[in-house]
Amino acid sequence: QVQLVESGGGLVQPGGSLRLSCAASGSSFAIYAMGWYRQAPGKQRELVARIFSGGGTNYADSVKGRFTISRDNAKNTALLEMNNLKPDDTAVYYCYIRGYGGNIHWGQGTQVTVSS
């Protein structure tokens, strides 16, 4: 059974930094992509960042230059470094993994709140 364990959310002031981590276990398939989506109250879930097995990355325009995603393929873990956080970054962040066959699994979500 696939499990994704997330950590690192919390409360931070505007301009501050947080680091999210996601560790996947129990997968019997090769992981093609890992990343995070986020969902703010009253808004649709949106892609934040993802990283592919070959190292390629995608970022939402709103986080480019502020967030950095990295991945350890051997450990099936991913990290999201979030700098210069803004109140608009406040949301629940969901880690996900996607296999080459298209199967997707989600983490439980972690709250990120940016407020003074």
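The values are calculated or read from the model by the stated rules, or taken from the named source; none is laboratory data. Quick caveat: nothing in here was measured; it's all calculated off a predicted structure. No Cβ is skipped: glycine too gets one built from the backbone with ideal geometry, and neighbour counts run over all protein chains shown. Heavy atoms of the whole protein, side chains included, go into the accessibility calculation; ligands, DNA and RNA do not. Shrake-Rupley method; radii C 1.70, N 1.55, O 1.52, S 1.80 Å.
With the requirement that a residue be over 14 Å from the mean Cα position of the chain (by Cα), part of a loop (DSSP other than H, G, I, E, B) and of a type in the set (Gly, Ala, Ser), what does the range 3-39 give you?
Matches in the range 3-39: Gly15, Gly16, Ser17, Gly26, Ser27, Ser28, Ala30.
Given (1) on the phi > 0 side of the Ramachandran plot; (2) modelled with pLDDT of 95 or more, where does Ala78 come up short, assuming only one miss?
(1)
Could you list, in sequence order, all residues of the range 74-116 that are within 13 Å of Ser7 (Cα to Cα) and out of contact with any strand residue (DSSP E or B) (no Cβ under 6 Å at 6 or more places or on another chain)?
Once the filter is applied, which keeps residues that are within 13 Å of Ser7 (Cα to Cα) and out of contact with any strand residue (DSSP E or B) (no Cβ under 6 Å at 6 or more places or on another chain), the range 74-116 yields only Gln108.
Could you look through the range 73-101, keep only residues that are closer than 18 Å to Ser25 by Cβ and polar (S, T, N, Q), and pick out the one that is surrounded by the fewest Cβ atoms within 10 Å (Cβ to Cβ)?
Top of the filtered list is Asn73.
Considering only residues that are under 18 Å from Ser7 (Cα atoms) and open to solvent by 60 Å² or more (accessible area, probe 1.4 Å), which ones fall in the range 38-72?
Gln39, Arg50, Thr68
If you check every pair at least six apart or on different chains, which have Cβ atoms under 7 Å apart with a residue in the range 72-94 that is farther than 13 Å from Ala23 by Cβ first and a residue that is aliphatic (A, V, I, L, M) and assigned to a loop (DSSP other than H, G, I, E, B) second?
Thr90/Ala40; Ala91/Ala40
Just the residues that are closer than 30 Å to Ser28 by Cβ, surrounded by fewer than 13 Cβ atoms within 10 Å (Cβ to Cβ) and touching a residue at least 12 places away in the same chain (Cβ under 8 Å), please, taken from the range 104-116. Before you say what the answer is, go through the steps one by one.
Here is the first cut: in the range 104-116, the ones closer than 30 Å to Ser28 by Cβ are 104-110.
Cutting the leftovers down to surrounded by fewer than 13 Cβ atoms within 10 Å (Cβ to Cβ) gives us 104, 108.
Correct list: Gln108 only.
Can you run down the residue pairs with Cβ atoms below 8 Å, 6 or more apart or on separate chains, where the first is in the range 8-35 and over 22 Å from Tyr59 (Cα atoms) and the partner is open to solvent by 30 Å² or more (accessible area, probe 1.4 Å) and in a strand (DSSP E or B)?
Leu11/Thr113; Ser25/Gln3; Ser25/Val5; Gly26/Gln3; Ser27/His105
Can you confirm whether the range 48-58 contains a residue that is part of a loop (DSSP other than H, G, I, E, B) and touching a residue at least 24 places away in the same chain (Cβ under 8 Å)?
For the range 48-58, residues part of a loop (DSSP other than H, G, I, E, B) and touching a residue at least 24 places away in the same chain (Cβ under 8 Å): absent.
If we scan the range 40-50, do we find a residue that is modelled with pLDDT under 95 and within 20 Å of Gly102 (Cα to Cα)?
no
Can you pull out every residue in the range 12-36 that is modelled with pLDDT under 95 and of a type outside the set (A, V, I, L, M, F, W, C)?
Hits for the range 12-36 are Ser25, Gly26, Ser27, Ser28, Tyr32.
How many of the residues making up the range 16-36 are under 16 Å from Glu6 (Cβ atoms), of a type outside the set (Gly, Ala, Ser) and open to solvent by less than 60 Å² (accessible area, probe 1.4 Å)?
6
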